[in-house]
1. For the stretch 96-105, what are the residues that are surrounded by 14 or more Cβ atoms within 10 Å (Cβ to Cβ) and in a helix (DSSP H, G or I)?
2. Just checking, which of 46, 36 is over 10 Å from the mean Cα position of the chain (by Cα), farther than 29 Å from residue 129 by Cβ, surrounded by 15 or more Cβ atoms within 10 Å (Cβ to Cβ) and without any contact (Cβ under 8 Å) to a residue 24 or more places away in the chain?
3. If residue 57 passes every condition in (1) in contact (Cβ under 8 Å) with a residue 40 or more places away in the chain; (2) buried (at least 17 other Cβ atoms within 10 Å of the Cβ) but one, which one does it miss?
């Protein structure tokens, strides 16, 4: 899904395909979380799922806004960590039968693509530091 500009101003991170895919990923996770029906005592886990999925794109953007490439790489590592956290929560949700296997597989495919893109971007930026 391509993002259309909401204004004439574009920030540098908005051109990054991995950021665009991460925003779409977070939207899909949030849409999925809205359909989960569970006891109120588990709402914290749902909030954590939404937060970790959004944190992928948030950290890419924050890192891009830093002054050094080294800082950018560090935020990309953090973004990848949040991606892995999201997948762990998805697995927990599946084990609790709050989501089905098809949903897990779709999310994992998307996360795998984003993870590879993050790794490639990390490698690219790290090589440009040297």
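Each value in this text was obtained by applying a stated rule to the coordinates, not by laboratory testing. Only a predicted model underlies this, so the values are computations on that prediction, with no experimental measurement involved. Cβ placement follows ideal geometry from the backbone for every residue including glycine, while neighbour counts extend to all protein chains displayed.
1. Matches in the stretch 96-105: 103, 104.
2. The match here is 46.
3. Residue 57 satisfies every listed condition except (1).
Listed here are the residues, each with its yes/no results for (1) out of contact with any strand residue (DSSP E or B) (no Cβ under 7 Å at 6 or more places or on another chain); (2) over 29 Å from residue 69 (Cα atoms); (3) without any contact (Cβ under 8 Å) to a residue 12 or more places away in the chain.
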position: 86; (1), (2), (3): yes, no, no
position: 90; (1), (2), (3): yes, yes, no
position: 98; (1), (2), (3): yes, yes, no
position: 105; (1), (2), (3): yes, yes, yes
position: 108; (1), (2), (3): yes, no, no
position: 111; (1), (2), (3): yes, no, no
position: 119; (1), (2), (3): yes, no, no
